[in-house]
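Chemist: Here it is: the structure, laid out below.
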Amino acid sequence: MLKTKYNLKEILPLFKSKVVYALAIILVLILTLNILFPLPKPKEFSKVIHANNNSLLSAYLTKDDKWRMKTSPDEVTPDLITAILEKEDKWFYWHFGFNPIAVARAVVQNITRGKRISGASTITMQVARMLEPSSRTYGKKFLEILRAVQLEMHYSKKEILEMYLSLLPYGGNVEGVKSASYIFFNRPPDKLSLSQSILLTTIPNNPNLFRLDKGIDNAVKMRNRWIKKYAETNTFNKRNLKDAMNEPVALNRYQIKNEAPHFCNYLSQNYSGDNIKSSLDYSIQKTAERLLLNYVNRVKSKNVSNGAVLIIDNKTNSVVGYCGSADFNDINSSGQVNGVIALRSPGSTLKPALYTLAFDNGLLTPEMKLLDIPTDINGYEPENFDQKFNGEVSARYALVNSLNIPAVRLLQSIGLDKFVPLLAKAGFSDIDKEKKNLGLSLILGGCGVRLEQLTRFFTVFSHNGKLFPLNYLAGKNQNQDKAVKIFSPDAPYITSQILTTNERPDFPAEFLYTTNLPKIAWKTGTSFGKRDAWAIGYNPDYTIGVWMGNFDGAGAPELSGAEMAVPLLFELFNAVDYKPKKKWFEKPNDVLERDVCSETGLLLTPNCEHYVKDFYIKHVSPNTKCNLYKTLYVDEKETMQYCPECLPADGYKKVNYPLYSAELTLWYLKNKTDFKRPPPHNPLCQSKRSGDGPAILSPSADYEYYIEEKSKQQLLLQGASDASIKIHYWYINDQFYKSSKPGERIFFQPQKGLLTITCMDDLGRKTMIHTKVSFY
Ligand SMILES: [Zn+2]
Ligand SMILES: [Zn+2]
């Protein structure tokens, strides 16, 4: 029997499954369409750069020359959002791309009235149209609806609203609420008045007619019409609307700001994103710009035309001030060149790195002595800035006075192979690239650095010897976990103590009698030929780098770190961070103080006459006892020395004599009149003496001399001994050559190949070195 009637219980599941099928088919269809017709690519936005307080610094046109700034609903005054939603799309938060009731009504109206009434376009549909502009036909409208649904599938309501606010046309090349807000009203979109908000909601209806840079009458009429409508719908407070109605509108077009141009250009080239919130501190930046420009104007008469400043907040490692030049728009002084990243010679500014390394490696303490005498290192003869020599100086004095010879000698004893990798690790990438070509002159500026690298390097002194990458973006320290250890925490503290002293030649005279002296540690530098003047300073809060010079590389007589860069550094610190009783760095536990011999900086012995306080690092710094004074047996008139072998029964006495190193003795003999020296040894003494032989100053040991083959070029023989020695005997390859006085310069013509040079003093003590001569 055939069943002719179905009961409800049987039909319902069937119906349900059909609905499910239908829904499934629609879903598959939508997904297929979604894949076949992907959404157009988002439009390119203007790159916008803000200071860390959100104020606009600069923005860049898109590739199609538009001011199209991405505008998040959060950045816009709520009144403007309210006005837009009320005007364009009341149900925006409820529909899924289109409003079926509104569409149906529009279709009916279009048919019954025989004319096309636009409308029924949701914000999402308008976004679809703005992404793919096309003529308004029914077919296109339908596609718009599909696109709108697709947009709703892909994006949140907030994202769709953001696209809408960002793409709204305002005439000419102005797109988006944020661009319009800056260009027509010169203010950020969260500072718009109600009148301005309503204008920005109405202008896009017909931007060519309403744009505010061509005329205001039409725009004002349209605004007033909408103010009345909003009054009817109670969208806003009536009194506010009345104020808005009375607010004058100005015909205007403002330039988009171009503040901190070097900083913004650097960011736009190195950081992605449309809306960059940078680390720059607006008020510090303005202060730095003002001080730098004033300063450069003051020194222009001294043929110094430009300068650059970098300010780092030590707590966050953020760049808070950045001036690439004194005036970006000054073409005569190459204002467009960015002095923060220009490659220049650092002068003496790397010396603190070398001394800190020496403290850290236990080679030196601040009071230990370094030689400051004429020095020839394989033909390289460094000179001090003032072309004078001091004989012997403490490391502290050498660093504070930026003496060149002690620094070169220290670098030689530490070795380029230790120092250069340290600088490379500390971010001096140009030094790293050139490492094979660098010599000892590196420490006097014979290399290339950038103000950014140099200033960042000095932050290690505020970070217990660690180096962090710089933050250019706002927000908390993004690079906290990327620290590189450059020094122990101990040595940088000692260097900072030395660099904060005021008794030094590069103390700025302008600040001598002021009470507004910032407590900072600083180091200056002057490059060869007086082409660059540097001053890098720091306290626990900030590290500031200053460069002064000419971008065309011209030198100037007064272009030195002390004269030209330090005064600006002090002005900057006083303006940015003036607190008279500042907290200084805390002394690390392993940095201790001790009394040392003031003549040698070594541990005191009963023979030492004076002492001085010195820092040292526990278990690291040397514990060498002072050995300057030796007790010698001499005759009553101190004309002759005795040894135990030739000591007479009476007629002698014991006297303490300072025994300086051979090199220093040589220099003292020439330059120091009141120099206490031991008398020569008893000439009748027969005993063989032990101890060190003469120091061979030339030729250099383990070195290869290149000599032109037929040039008959000669090599220098020079040796030094303590003051009791009268004669040196020279042997070349074990053949006696000549005798000389200690320190005397004699010459010989070398053969090709390995040479053994021996120097013997009149007590029979020998020193031997090997060297090599090659012909070319
Ligand atoms: Zn001593
Ligand atoms: Zn003797």
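Chemist: So, in Å, what gap is there between the alpha-carbon centers of segment 234-259 and segment 554-597?
Modeler: Segment 234-259 and segment 554-597 have Cα centres spaced 50 Å from each other.
Chemist: Sort 411-422, 72-83, 517-528 by the packing proxy (mean of other Cβ within 10 Å over each peptide's residues), most packed first.
Modeler: 517-528, 72-83, 411-422
Chemist: Net charge around P421, counting only other residues with Cβ within less than 15 Å of its Cβ (Lys, Arg = +1; Asp, Glu = -1)?
Modeler: That sum, taken over residues with Cβ under 15 Å, equals +1.
Chemist: Sequence gap at least 6, Cα distance under 8 Å: using those rules, report the relative contact order of segment 224-327 to the nearest whole percent.
Modeler: 24
Chemist: Ranked highest first by the average count of other Cβ atoms within 10 Å around their residues, in what order do 453-459, 662-668, 746-752 fall?
Modeler: Going by the mean number of other Cβ atoms within 10 Å, highest first, we get 453-459, 662-668, 746-752.
Chemist: Which whole DSSP H helices in the chain pass both tests: a Cα extent of 27 Å or more along the axis and a mean Kyte-Doolittle value no lower than 1.6?
Modeler: 8-36
Chemist: Given the rule -39500 (n - 2.57) for each run of at least 4 DSSP H residues, summed and divided by the residues of the chain, what is its mean residue ellipticity at 222 nm, to the nearest 500 deg cm²/dmol?
Modeler: Calculated mean residue ellipticity at 222 nm is -9500 deg cm²/dmol.
Chemist: When the distances between all Cα atoms of segment 410-459 are binned every 10 Å from zero, what whole-number percent does each bin get?
Modeler: 26, 60, 14
Chemist: Here's another thing I want to ask about it. State, as an integer percentage, the relative contact order of segment 25-131 based on alpha-carbon contacts under 8 Å between residues 6 or more apart.
Modeler: That works out to 19 percent.
Chemist: Could you pull out the trypsin sites (Lys or Arg not before Pro) across segment 601-652 that fall in loop regions by DSSP (anything but H, G, I, E, B) with no more than 13 other Cβ atoms inside 10 Å?
Modeler: Filter output for segment 601-652: K618, K637.
Chemist: Of T514, L666, P382, which is farthest towards the positive pole of the chain's charge dipole, taken about the Cα centre with +1 and -1 on the beta-carbons of Lys, Arg and Asp, Glu respectively?
Modeler: Result: T514, furthest along the dipole toward the positive end.
Chemist: Here's another thing I want to ask about it. Near K141, which aspartates and glutamates are there with a Cα under 15 Å away, not counting those fewer than 8 places off in the same chain?
Modeler: Reachable aspartates and glutamates: E132.
Chemist: Straight-line reach from K242: which lysines fall under 30 Å, measuring Cα to Cα and dropping same-chain residues less than 8 apart?
Modeler: K242 reaches K87, K90, K178, K191, K214, K221, K228, K229.
Chemist: Something else about it: For a quick size check, give me the Cα extents of segment 630-705 along its three principal axes, largest first, whole Å.
Modeler: 53, 31, 18
Chemist: Please work out the Cα center distance from segment 431-459 to segment 337-351, rounded to the nearest Å.
Modeler: Between the Cα centres of segment 431-459 and segment 337-351 lies a distance of 8 Å.
Chemist: Take a quick pass over segment 664-776 and tell me how many lysine pairs come in under 21 angstrom between Cα atoms, counting only ones 8 or more apart or on separate chains.
Modeler: Close lysine pairs under the 21 Å cut-off: 22.
Chemist: Sticking with this one: If amide H atoms are built 1.01 Å from N in the plane of the peptide, which residues on other chains or at least 5 residues away come under 5 Å of the amide H of Q641?
Modeler: Under 5 Å from the amide H of Q641: H681, N682.
Chemist: No partner Cβ under 4.7 angstrom, meaning no disulfide-compatible partner by this rule: which Cys of the chain qualify?
Modeler: C264, C323, C447, C643, C759
Chemist: Search the structure for amide H atoms under 5 Å from the amide H of I746, placed 1.01 Å from N in the peptide plane, and list their residues when 5 or more places away or on another chain.
Modeler: Result for I746 returns L717.
Chemist: Express the relative contact order of the chain as a whole percentage, based on alpha carbon pairs under 8 Å and six or more residues apart in sequence.
Modeler: 9
Chemist: I've got another one for you. Tell me, rounded to the nearest percent, the portion of alpha carbon pairs in segment 635-765 spaced more than 23 Å apart.
Modeler: 42
Chemist: Rg(Cα) of segment 159-224 divided by 2.2 N^0.38 Å? Present the calculation step by step, with values, prior to reporting the outcome.
Modeler: Working: Rg = 10.8 Å, N = 66, 2.2 N^0.38 = 10.8 Å.
The reported ratio for this selection is 1.00.
Chemist: Under the rule of at least 5 residues apart or a separate chain, name every residue whose amide H is placed under 5 Å from the amide H of Y611.
Modeler: Placed amide hydrogens put S598 under 5 Å from Y611.
Chemist: Give the residue from G561, T112, V340 lying farthest towards the positive end of the charge dipole for the chain; charges sit on Cβ (+1 for Lys and Arg, -1 for Asp and Glu) and the dipole is referred to the Cα centre.
Modeler: T112
Chemist: Follow-up. Between Y737, I769, N270, whose Cα lies farthest towards the positive end of the dipole of the chain when Lys and Arg beta carbons carry +1 and Asp and Glu beta carbons carry -1, centred on the Cα centre?
Modeler: The listed residue farthest towards the positive side: N270.
Chemist: Sticking with this one: Find out how many positive minus negative residues lie around A554, taking Lys and Arg as positive, Asp and Glu as negative, among other residues whose Cβ is under 14 Å from that of A554.
Modeler: +2
Chemist: In addition: Normalise the Debye intensity by I(0) for segment 289-371, one equal point scatterer per Cα, no solvent, then take log10 at q = 0.13, 0.21 Å⁻¹ and round to two decimals.
Modeler: -0.63, -0.99
Chemist: If eta is 1.567 mPa s and T is 4 °C, what Stokes-Einstein diffusion coefficient results for segment 194-348, Kirkwood Rh from Cα pairs, in µm²/s?
Modeler: 66
Chemist: Also, quick follow-up: Where nothing but the Cβ of Lys and Arg (+1) and of Asp and Glu (-1) is charged, how large is the charge dipole of the chain around its Cα centre, in debye to the nearest 20?
Modeler: The dipole magnitude comes to about 4380 debye.
Chemist: Taking the alpha-carbon distance from K654 and a cut-off under 20 Å, which aspartates and glutamates remain once sequence neighbours fewer than 8 residues away in the same chain are dropped?
Modeler: List returned: E609, D635, E636, E638, E645, D722.
Chemist: How big, on average over all directions, is the shadow cast by the Cα convex hull of the chain, in nm²?
Modeler: Averaging across all directions leaves 58.3 nm² for the Cα convex hull.
Since every read-out is calculated from the coordinates, none of them should be taken as a lab result. Please read all numbers here as calculations on a predicted model, not as lab measurements. In this analysis, Cβ positions are derived from the backbone assuming ideal geometry, glycine residues included, and neighbour counts consider all displayed protein chains.
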